[in-house]
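Here the structure comes first, spelled out in structure tokens, and everything after it is commentary.
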Amino acid sequence: MESSDREESNGVMGDLSEALKEATKDVHQQAENTEFMMNFQKGHVTLHEFKLVMSSLYYVYEALEEEIERNKENPVFSPLYFPLELHRKSALEEDLEYFFGPQWRKKINFPQSTKNYVERLHHIGRKEPELLLPHAYTRYLGDLSGGQVLKKIAQKALQLPATGEGLAFFTFPHVTNATKFKQLYRSRMNSIDFDSATKKKILEEAKTAFLLNVKVFEELQTLSTRQNENLTDDATTLRNRVPKSIKAGDSNYRIHTSEQTTFFNQFPRWVAIGGCVLLAIMGLYIL
């Protein structure tokens, strides 16, 4: 590295962690304001939607951690190699088996936007491994920041077992103090010796990471809307099954109506993890 580049990298642009936070403010806000995110913030999320998110996350972390393993001894990334503390693939496998059963790999969705995200991770892992840094920083520190609070929210909203099944993704058993660990992570990241040109590429890639998340949000919203339309059609079909020959005062009719009401009211019971959930599980809590 030339001395002028070193001075700019460590001086004018400041610490890389601070530069990343500043550079991603706008795209961070863009990700928060997608329709899918806004619905989450209002607590309008079903179990189906939650499972869609977890499925996409599995593919993202599978790719990210494959490329991290490929580059674990590369000096442009090795200081940030914390597999025991941070890696999420095995936790997601555990959660997906809980939600989908032993054959979960055959049942989960792999939307095109998630495929694009995965392709980007594989590309940079092989061609530009220094650009893994902003992806790892965005994902892992985001997950770690919201993990324990979100675990409790999801557990209550989805009526999951108190023993933690379905929530392994939010649990970091090998991180005893999240605040101190994040400080260590940032310090390690700031210690990597990048020239100014590489540092600028890293900042641009951090924006790309958020934009890839935006595309995932948008496609998940589309998939969710289609699912809701199908549920509406099913409810209409059920309602139309009431025999026309039954009179309104008939007790059998009243029982049937009660059963319909129970069926319709099941939908809201699947809801409400809360807005902060996706902010963390899609890597938007960078504190």
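The values are calculated or read from the model by the stated rules, or taken from the named source; none is laboratory data. Since the model is a prediction, treat every value here as computed from it, not as a measurement. Here Cβ is always computed from backbone atoms with ideal geometry, including for glycine, and neighbour counts include all displayed protein chains. Surface accessibility is based on the protein's heavy atoms, side chains included, excluding ligands, DNA and RNA. Shrake-Rupley method; radii C 1.70, N 1.55, O 1.52, S 1.80 Å.
General observations
- Accessible surface for segment 99-185, divided over its residues, is 48 Å² per residue with a 1.4 Å probe.
- Per atom type, segment 66-224 shows carbon and sulfur on 49% of its accessible surface, probed at 1.4 Å.
- All lysines inside 28 Å of residue 72 as judged from Cα atoms, apart from same-chain residues fewer than 8 positions distant: 21, 89, 115, 127, 180, 182, 199, 200, 201, 207
- Summarising the label geometry, the points placed 7 Å from Cα in the beta-carbon direction at residue 94 and residue 211 lie 3.6 nm from one another.
- Evaluated at q = 0.23, 0.25 Å⁻¹: base-10 log I(q)/I(0), Debye formula over Cα of segment 154-220: -1.01, -1.02
- Gain on full stretching of the segment that runs from residue 69 to residue 193 - 0.36 nm per residue minus C-alpha separation: 42.6 nm
- Largest first and in whole Å, the equivalent-ellipsoid semi-axes of segment 72-135 read 27, 17, 7, each the square root of five times a Cα gyration tensor eigenvalue.
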